[in-house]
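Below you'll find the structure, written out as structure tokens, and then a few comments.
The values are calculated or read from the model by the stated rules, or taken from the named source; none is laboratory data. Just so it is clear, the model here is predicted, and its values are computed rather than measured. With ideal geometry, Cβ positions are generated from the backbone for all residues, glycine too; neighbour counts draw on all protein chains shown. When the accessible area is computed, the model is the full protein with side chains, heavy atoms only, and any ligands, DNA or RNA have been set aside. Shrake-Rupley method; radii C 1.70, N 1.55, O 1.52, S 1.80 Å.
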Amino acid sequence: MLDDRKTAILSAVVQEYIATAQPVGSSHIAEAPSINVSSATVRNEMAHLEHEGYLVQPHTSAGRIPTDKGYRYFVDHLTTPGHLDVATTAKVGEFFSAAHGRLEEMLHQTSNLLASLTNNAGVVVGPRAEAVAVRRIQIVSLSASAATVVAVFANGTVENVSIDLLEGDDDLKLSAAGAHLSAALDGRVLGSVVYVSATGDDVVDRVCSTALAALRTTGSPEHVFTGGASAVANAFDAVEIVRSVLATLEQQFVVVTLVSDIVNRGMSVAIGVEHGVEPLSACSVVVAPVVVDGEHLGSVGVLGPTRMNYPQALATVEVVSEQLGHRIEEG
């Protein structure tokens, strides 16, 4: 642990660098209201903080900037989630009150909302189909030898998968199979269903079995939506960093894995190399799970430079995740 003086100086440096993106000098910190020591004393303490790995001096004559270790100390010991102002809280509430239509569209718009509120990239990971209760199943023929199984889930998502048909699998049999599956699966989580009861009609039972197996084995991945990538690009001067960050954000599997890993580790903030995605080593990620009826059905987060405004980001993802969870629960 750092002593009170070093803690106050580190906090002042972090906050100043977040605000200005410029190296911070000792004379400037000495003028801060919370620092009651001389510029020479601040300079000595900043040298100690640099030696201990909390600060780094990018140029010989320049001031200092926080390291990932410095940000981590700031987040763990000096930061609590801020409170969104009344206007911003109202904006979030109005957004979800007006959100209608398909879940995918709402999640996409939620990522844009996060981006606009934090000026970072907003990331929203939706639930896997296997984790959500089924509302309705429909089986529709595409040709004499193929059909599509359409599954509508309680959260509004729609998934479909193709199955092969045999001779005699007419529209009446397909309709009966769809109706039987809908009744058998209504309100049940797809991932927990191994089989459904027989109807006594061999054709209908075979189609039901084929359709259920196809839905279970196809299991869609989490949907991920990213908004405001341009805001992250504007936060960096180095072109190679911008290219690396933008290219990585386009890889959905990487983004899902990144967010899921942070949540599974019980973290709300991953700074720089902590998240393990090397192309995003200049970035931090702040996340919160979306919980519906006690189940973790997705995550929301923001991704930005390590000098992001952590109190604001923490407060924003907390409020948005809570509101999104309520909206999904309402259906």
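What is the mean projected area of the alpha carbon convex hull for the stretch 36-168, to one decimal in square nanometres?
Values: hull surface 62.5 nm².
One quarter of the hull surface, i.e. the mean projection, equals 15.6 nm².
Restricting to DSSP H runs of at least four residues, report the calculated mean residue ellipticity at 222 nm for the chain, -39500 (n - 2.57) per run over all residues, nearest 500 deg cm²/dmol. Write down the numbers at each step before the final one.
Values: 12 runs with 152 residues, N = 331.
Rounded to the nearest 500, the figure is -14500 deg cm²/dmol.
With a 1.4 Å probe and every protein chain left in place, work out the accessible area per residue of the chain in Å², rounded to a whole number. Please report the intermediate quantities before stating the final value.
Working: 15840 Å² over 331 residues.
Counting only protein heavy atoms, the per-residue value for the chain is 48 Å².
Taking all pairs of different Cα atoms in the stretch 248-301, averaging 1/r and flipping that mean, what Kirkwood radius in angstroms comes out?
Working: mean 1/r = 0.0874 Å⁻¹.
Computed over the stretch 248-301, the radius equals 11.4 Å.
Where does helix 202-218 land angle-wise versus the long Cα axis of the chain, in degrees 0 to 90, nearest 10?
Compared with the principal axis, the helix lies near 10 degrees.
V189 to N160: extension gain in nm, 0.36 nm per residue of separation minus the Cα-Cα distance?
Working: separation 29, 0.36 × 29 = 10.44 nm, distance 1.60 nm.
Value of the extension gain: 8.8 nm.
Taking R0 as 56 Å, what FRET efficiency do you get between A62 and R216 from their Cβ-Cβ distance, rounded to the nearest 0.05? Please list the in-between numbers first.
Details: r = 59 Å, r/R0 = 1.05.
FRET efficiency, A62 to R216: 0.45.
Taking the stretch 269-331, how much of its Cα-Cα pair set, in percent, is spaced more than 17 angstrom apart?
Values: 858 of 1953 pairs.
Within the stretch 269-331, distances greater than 17 Å cover 44 percent of Cα pairs.
For the stretch 1-51, just the Cα set please: Rg and Dmax, both in angstrom.
Expressed in Å, the Cα Rg and Dmax of the stretch 1-51 come to 9.9, 27.
Pick out which of G178, G266, G294 has the largest mean-square fluctuation in a Gaussian network model of the chain, springs linking Cα atoms closer than 10 Å.
G294
Considering only C-alpha atoms, what is the centroid distance from the stretch 26-99 to the stretch 258-331, in Å?
20 Å
How large are Rg and Dmax for the stretch 38-79 when only the alpha carbon atoms are used, in Å?
10.7, 30
What's the local net charge at A99, with K and R +1, D and E -1, over the other residues with C-beta under 9 Å away?
Here the charged neighbours net out to 0.
Where does the Debye-calculated log10 I(q)/I(0) of the stretch 157-238 sit at q = 0.22 Å⁻¹, using only Cα point scatterers of equal weight, no solvent?
The Debye formula, applied to the Cα set alone, gives -1.09.
To the nearest µm²/s, what D does Stokes-Einstein give for the chain at 37 °C and 0.692 mPa s, using the Kirkwood radius over alpha carbon pairs as Rh? Intermediate values should be presented prior to the final figure.
Values: Rh = 22.6 Å.
The calculation lands on 145 µm²/s.
Can you send over the carbon and sulfur percentage of the accessible area for the chain, probe radius 1.4 Å, protein chains only? Intermediate values should be presented prior to the final figure.
On the way: 8100 of 15840 Å².
Percent of accessible area from carbon and sulfur atoms in the chain: 51.
Using alpha carbons only, what's the Rg to Rh ratio of the stretch 69-123 with Rh from Kirkwood?
Numbers: Rg = 14.6 Å, Rh = 13.2 Å.
Answer for the stretch 69-123: 1.11.
Give me the net charge for the shell around A147: Cβ to Cβ below 14 angstrom, other residues only, Lys and Arg +1, Asp and Glu -1.
Working: positive: K173, R206; negative: D164, E167, D169, D170, D171.
Net local charge, A147 excluded: -3.
Taking the Cβ of L78 as the center, what net charge do the other residues with Cβ under 12 Å away carry, scoring Lys and Arg +1 and Asp and Glu -1? Please report the intermediate quantities before stating the final value.
Numbers: positive: K6, R72; negative: D4, D76.
Net charge in that neighbourhood comes out at 0.
Can you give the alpha-carbon Rg of the stretch 140-200 over 2.2 N^0.38 Å, where N counts its residues? Each step should come with its number before you reach the end.
Details: Rg = 12.3 Å, N = 61, 2.2 N^0.38 = 10.5 Å.
So the stretch 140-200 has a normalised radius of gyration of 1.18.
Between helix 4-20 and the chain, what is the angle of the helix's C-alpha long axis to the longest principal axis, kept within 0 to 90° and rounded to the nearest 10?
With rounding to tens, the tilt is 70 degrees.
Using the 2.2 N^0.38 Å rule of thumb for compact globular proteins, work out how the stretch 190-295 stacks up: its C-alpha Rg over that value, please. Each step should come with its number before you reach the end.
On the way: Rg = 20.7 Å, N = 106, 2.2 N^0.38 = 12.9 Å.
After normalising by residue count via 2.2 N^0.38 Å, the value is 1.60.
So which aspartates and glutamates pass the test for K6, namely a Cα distance under 16 Å, with those fewer than 8 places away in the same chain ruled out?
Candidates past the 8-residue exclusion: E16, E31, E45, E50, E52, D76.
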